[in-house]
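What follows is a single structure, written as structure tokens, with notes after it.
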Amino acid sequence: MNLPPTGRPVADLLAEVSRLKEHDLPVRGGQVTAYVYDTGRAEVNDAATRAYLEMLEVNCLDPTAFPSVVEMERQVVGAVADLLGGGHGIFTSGGTESIMLAVKAARDLGRRPSGAAEARAAGEAPRSRPNLVLPVTAHPAFHKAAHYLGVEVRPVPVDLATYKVRARDVEEAIDEDTILVVVSAPSYPQGVIDPVEEVAAVAAAAGVPCHVDACVGGWLLPWLREAGAAVPPFDLSVPGVTSLSCDLHKFGYAPKGASVLLFADPAARRKAYFASAAWPGYTIINATVQSSRSAGPLGGAWATLQALGSAGYAELGRATLEATRRLRAGLAGIPGLRVLGEPESSLVAFAGDDVDVFVLADEARARGWFLQPQLSYAGIPANLHITVTGVTLAGVEAMLKVIAESAGAARERGPVVLPDGLVELVAGLDLEAIDDATFAELSASVGVDLRPGAGQPEMAMVNTVLDALPAPAREAVLVRFLSVIYGR
């Protein structure tokens, strides 16, 4: 039974939390180059933690009951708007929720009669299905939003030399049912900034809103620019840009659960809201997808911004820019490795010419460093991704040493050799016809132990299999992995 018959002592609980975290990747120090963002400043973390706990039990559901929520959100959203060209914003739980609300607002703004009779009455052709036009490098959160909201995704290829979308390709993909055009600043996979000005102009000419996904770069790029980086215009000051998402739990260094969605027009922001009076209970008006939600993340974000201030973020920007430059130069000196594109932020991806990058990642993990594998897609080769943060500068030489050692070890081991017929077997499996236990056995047969407490498995074999599969098959396998890991 998971629930104890009687309450347990606090010390016992905290000891078990420590035990449960035994195999977790470390969240401080810079050896994990994805998922976590570290200033390296303990006092900032402490301020955020204290404010988070102070606001933990405050419910954002009703701002009239908790006016502290309104004031904190006004200050946090205001800081983001001041940095990114103005606008009217919403504080959300993360980039995915910000993107979901941006798509909802665009869908609702773009609604027109959908039935033949209504369309004829309005003098319009019947709407088929609203669609999003976005680069293949756009974050999957847009696909998720489209899936939930009944919107079609129109992916556009990127230039395989620059990894940026071309405005003319976006223009060709837009039709009368397009409700939103998306660009990234930067795109996560290779850290490059799409041509925001050109694409926004194309969208505006077609009468379509343009969203800038600056979840990663929104709070970073202005400080990199101040530090001397060449950062093109990308925010709400660009004509034709109608909305923008910016995560504060990334380069704002706030605790997880902090993002801001900005709209150029307050009428568009209102389309992101949800209200319902169709029941006899309390008033329902939500600015976000969630209803009840803790104000802890808002408090943590507010405290982080206040603790660092402009000077603190400027210094982090300088350190991040220098670390990124050193990393790129160092990678260029490691035989067999090459940086993809010309990163314009602090996201760097590198591929291997005679080195299996999935094996390299396992070798680096064995040395205490996590490098994020990225599968090949749309002509972009398999690669490893590094997110450079404020703490990276202190350890960049150590990181490069580990990468060089791991590349050498991977070269000696050679690429993953898949058992004959394995990819065909996986591709041909009817995953709905087998239970989780059978799938776990199949995983164990290729060296992946999914049992609870098994720790961090080597993933080169799994990533190689996934890399050989088409995207729909990859997705089906990943769903089963998640199902097995969580069990009942």
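The values are calculated or read from the model by the stated rules, or taken from the named source; none is laboratory data. Given the structure is predicted, the values throughout are model-derived calculations rather than measurements. Note that we place each Cβ from the backbone using ideal geometry, even for glycine, and neighbour counts take in every protein chain shown.
Here are some notes:
- The set of residues in the range 271-300 being under 14 Å from Pro63 (Cα atoms) and of a type in the set (A, V, I, L, M) consists of Ile284, Ile285, Ala287, Ala295, Leu298.
- Of all residues in the range 78-98 being over 18 Å from Leu221 (Cβ atoms) and part of a helix (DSSP H, G or I), the one that is nearest to the chain's Cα centre (by Cα): Thr96
- Among the residues listed as Ala394, Ala323, Ala351, the single one being touching a helix residue (DSSP H, G or I) at 6+ places or on another chain (Cβ under 8 Å) and part of a helix (DSSP H, G or I): Ala323
- Single condition Gly207 does not satisfy, out of (1) on the phi > 0 side of the Ramachandran plot; (2) assigned to a helix (DSSP H, G or I): (2)
Okay, residues lined up against (1) modelled with pLDDT of 95 or more; (2) over 23 Å from the mean Cα position of the chain (by Cα); (3) not hydrophobic (A, V, I, L, M, F, W, C):
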site	(1), (2), (3)
Ile334	yes, yes, no
Leu340	yes, no, no
Pro343	yes, no, yes
Gly352	yes, yes, yes
Asp356	yes, yes, yes
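- When Ala404 is tested against (1) touching a residue at least 60 places away in the same chain (Cβ under 8 Å); (2) part of a loop (DSSP other than H, G, I, E, B); (3) farther than 16 Å from Val32 by Cβ, only condition (2) is not met.
- Residue that is nearest to Ala145 (Cα to Cα), among those in the range 114-131 that are out of contact with any Lys or Arg (no Cβ under 7 Å at 6 or more places or on another chain), at pLDDT below 75 and in a loop (DSSP other than H, G, I, E, B): Ser128
- Considering Leu371, Leu375, the condition of being modelled with pLDDT of 90 or more, among the aliphatic types (A, V, I, L, M) and in contact with a His (Cβ under 9 Å, 6 or more places away or on another chain) is satisfied by Leu371 alone.
- Scanning the range 126-160 for residues being touching a residue at least 40 places away in the same chain (Cβ under 8 Å), surrounded by fewer than 20 Cβ atoms within 10 Å (Cβ to Cβ) and over 22 Å from the mean Cα position of the chain (by Cα) gives a total of 3.
- In the range 407-417, the residue that is surrounded by the most Cβ atoms within 10 Å (Cβ to Cβ) out of those that are part of a helix (DSSP H, G or I) and without any contact (Cβ under 8 Å) to a residue 40 or more places away in the chain is Gly408.
- Cβ pairs under 6 Å, 6+ apart, first in the range 205-233 and not assigned by TED's automatic domain parsing to the domain that holds Ala141, second among the acidic types (Asp, Glu) and outside any strand (DSSP E or B): none
- Tally, over the range 354-367, of residues that are part of a helix (DSSP H, G or I), surrounded by fewer than 21 Cβ atoms within 10 Å (Cβ to Cβ) and in contact with a helix residue (DSSP H, G or I) (Cβ under 7 Å, 6 or more places away or on another chain): 0
- Matching entry among Ile386, Ile380, Ile403 (being β-branched (Val, Ile, Thr), closer than 27 Å to Ala314 by Cα and either surrounded by fewer than 17 Cβ atoms within 10 Å (Cβ to Cβ) or outside the structural domain of Val216 (by TED's automatic domain parsing) (or both)): Ile386
- Out of Gly110, Gly40, one residue alone is within 29 Å of Leu149 (Cβ to Cβ) and either crowded, with 20+ Cβ neighbours inside 10 Å or of a type outside the set (Val, Ile, Thr) (or both). It is Gly110.
For every residue, the table says whether it meets (1) assigned to a loop (DSSP other than H, G, I, E, B); (2) surrounded by 19 or more Cβ atoms within 10 Å (Cβ to Cβ); (3) of a type in the set (A, V, I, L, M, F, W, C).
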site: Val199; (1), (2), (3): no, yes, yes
site: Cys215; (1), (2), (3): yes, yes, yes
site: Arg225; (1), (2), (3): no, no, no
site: Ala230; (1), (2), (3): yes, no, yes
site: Asp235; (1), (2), (3): yes, yes, no
site: Cys246; (1), (2), (3): no, yes, yes
site: His249; (1), (2), (3): yes, yes, no
site: Tyr253; (1), (2), (3): yes, yes, no
